[in-house]
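Derivation of every value follows stated rules applied to the coordinates shown; laboratory data play no part. None of the values given here were measured: they were computed from a predicted structure. Methodologically, a virtual Cβ is constructed for each residue, glycine included, from the backbone with ideal geometry; neighbour enumeration extends over all protein chains shown.
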Amino acid sequence: MTARRAAVKGTAVIILAAGQGKRMRSRLPKVLHPVGGRPMLESVLECAAALKPARTVVVIGHQAEAVRAWVGDRAEIARQDPPRGTGDAARCGLKSLPGFHGVVVILNGDTPLVRAETVERLLATHGASGASVTLATAQLADPTGYGRAVRGPDGAVTAIVEERDATPAQRRISEINTGLYAVEAEFLGRALTELSADNAQGEYYLTDVVGAAVALRRTVQALAVDAEEVQGVNSRVDLARVEGLMRARTCRRWMEEGVTILDPARTWIDATVTIGPETILAPGVWLEGATAVGAGCTIGAGSRVTASRLGDGVMVKDYCVIEEADLDDGASVGPFAHLRPGSILRRDARVGNFVELKKVELGVGSKANHLSYLGDAVIGSHVNIGAGAITCNYDGVKKSRTVIDDNVFVGSDSQFVAPVRVGKGAVVAAGTTVTEDVPADALVIGRAAQVVKPGWAKRKRGRSGKKRSAHSS
Ligand code: UD1
Ligand code: CA
């Protein structure tokens, strides 16, 4: 532990995030593409922060303002303009660290799976060996696209050769450069000024620092790391693969925390989500954004929950869409319900199938179990909303509010033409269109009186002389 502490002390991190990411074919800067529900740069920043470095510098260039806005004040910013390769980017980053004499950790902005523990291991190896450069390498079954680690007769790494500059023999090397390095600051400064862009891409390669160290008879150390962690994102195919790995990692973490995930391969949990123990997630659940799920909840198949809070013991049945909603303990939703932003379900409230809610508070123990639209409404506790009830909250110009007080009984197929208020304990008869406020404990009934004409149907059949199929069946 003390050795690791000592190694981390005096560390600066440079994150390379200035590249165009051409192979993504995207208007969004590559490092802002989401992995696990947040920009991949966020994961790299988090990894850097865990090292508690003295300084962190993010090198930006392509779409600099978008990337700068995301970084905010969490790191210093260095500009690289125009992007002329990873070596040039590192040079720009190092310029922000004048007088820094420690170890520089370089991270690629496009490898979001790198763990802080791995970087700590790299620093420990670096510190122990006294090398000028320590690079992380990995064995890949398919090394296509990565720089290859070329080793000399004594087994030491002597150079990194990029795929496009490699000979056919070098391309057969399965040990790749992960883009993760620990380098002595002084040596890095010197090596970077001597880079040339004499290569297939006409760029300044950071990888040439390895060759420079060998030329200067400095020690180059390589640390073998887990291949999964260092998967880089260059294309959208890579993006999908890395997303899958990130998702699997997140599911594993929550299962270890006591969450049952019936089908981890088909469960999407953003890195930003929290889940309590004994919660069960059915196949196809997608938990997004700043969502917090309590303990002992069940979330049914195919349900998507975005930026919402679910208390303890909440039941979300199959195929619900829940956005920016707040559900207290014991609430129950679905199947096939849509909770739109501003939906609040108080304790033990129930929302059933084909119910849509928007900006609604449904009080303690209240129910809207079938086929309703409730918008811009405050509904008290122990209210029963019958099937098909609708708030008419929009007159084409403005939205108005419906207030339904505690213990109201709303019969099926009622409408509330807002603004309107129904007082405590009132009963709304089925089929009523409520257009004016209803006092507490009243019955309101607003439907055409029923007319019954005895024998009318039979007489009609007699006139036409036909026997109705309804009678024959
Ligand atoms: C790089 C390495 C390669 C390694 C791979 C690991 C070089 C020359 N090659 O290749 O050996 O196997 O990473 O994933 O370093 N960037 C800048 N400015 C630039 C160019 C790039 O900041 O001018 C940033 C990018 O935003 C990206 C990172 O550097 O985050 C890596 O650049 P990229 O072009 O993806 O390098 P690779 O071809 O993947
Ligand atoms: Ca890359």
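What are the trypsin sites (Lys or Arg not before Pro) within segment 148-216 that DSSP puts in a loop, where the Cβ has at most 13 other Cβ atoms within 10 Å? Spell out each step's value before the answer.
On the way: sites: 148, 151, 164, 171, 172, 190; in loops: 172.
Sparse-neighbourhood loop trypsin sites (Lys or Arg not before Pro): 172.
What's the longest bit of the chain with no exposed GluC sites (Glu not before Pro), using DSSP loop states and at most 15 other Cβ atoms within 10 Å as the test? Before the final figure, lay out the partial values.
On the way: sites that count: 194, 257, 278, 436.
Result for the longest clean stretch: 1-193.
Sequence-distant or interchain residues sharing an amide H contact under 5 Å with residue 77, placed H: which?
For residue 77, whose amide H was placed from the backbone, the distant partners under 5 Å are 58.
So, with +1 on the Cβ of K and R and -1 on the Cβ of D and E, and no other charges, what is the size of the charge dipole of the chain about its Cα centre, to the nearest 20 debye?
Working: 59 positive and 51 negative charges, 490 e Å.
Dipole magnitude for the chain comes out near 2360 debye.
Can you compute the charge dipole magnitude of segment 175-239 about its Cα centre, using +1 on each Lys and Arg Cβ and -1 on each Asp and Glu Cβ, nothing else charged? Give it in debye, rounded to the nearest 20.
Numbers: 4 positive and 11 negative charges, 43 e Å.
Dipole of segment 175-239, to the nearest 20 debye: 200 debye.
For the residue pair residue 260 and residue 52, what label-to-label distance in nm results when each label sits 7 Å from Cα along the Cα-to-beta-carbon direction?
4.0 nm
Past 23 Å, Cα to Cα, is the threshold; run 358/398; 367/424; 317/424; 22/95 against it and keep the listed order. Mind dumping the intermediate values first?
Numbers: 358/398 15 Å; 367/424 16 Å; 317/424 30 Å; 22/95 26 Å.
Checking Cα-Cα distances, 317/424; 22/95 exceed 23 Å.
Positive end of the charge dipole of segment 272-424 (Lys, Arg +1 and Asp, Glu -1 on Cβ, about the Cα centre): tell me which of 314, 354, 298 has its Cα farthest that way.
Positive-end residue among those listed: 354.
Give me a comma-separated list of calculated 3J(HN,Hα) values for segment 258-272, in order, Karplus coefficients 6.51, -1.76, 1.60 applied at θ = phi - 60°, integers in Hz, x for any Gly or Pro.
Per-residue couplings from phi come out as x, 9, 8, 10, 5, 9, x, 5, 10, 10, 10, 10, 5, 4, 8 Hz.
Using just the alpha carbons, could you tell me how many Å³ per residue the convex hull of segment 42-129 encloses?
Numbers: hull volume 8.9 nm³, N = 88.
Hull volume over Cα atoms, normalised by residue count, gives 102 Å³.
Might you report the magnitude of the Cβ-based charge dipole of segment 341-448 about its Cα centre, with Lys and Arg at +1 and Asp and Glu at -1, to the nearest 20 debye?
Working: 12 positive and 11 negative charges, 53 e Å.
That gives a dipole near 260 debye.
Suppose R0 equals 51 Å; then what is the FRET efficiency for residue 23 and residue 394 from their Cβ-Cβ distance, rounded to the nearest 0.05? Intermediate values should be presented prior to the final figure.
Values: r = 46 Å, r/R0 = 0.91.
FRET efficiency, residue 23 to residue 394: 0.65.
For the chain, how big is the tail of P(r) above 40 Å, as a whole percent of Cα pairs?
Result: 43 percent of Cα pairs exceed 40 Å.
How many angstrom lie between the Cα centre of segment 137-166 and the Cα centre of segment 88-123?
Cα centres, segment 137-166 to segment 88-123: 20 Å.
Based on the Cβ-Cβ distance from residue 430 to residue 280, what FRET efficiency comes out when R0 is 35 Å, to the nearest 0.05? Please report the intermediate quantities before stating the final value.
On the way: r = 37 Å, r/R0 = 1.06.
Efficiency computed from Cβ-Cβ geometry: 0.40.
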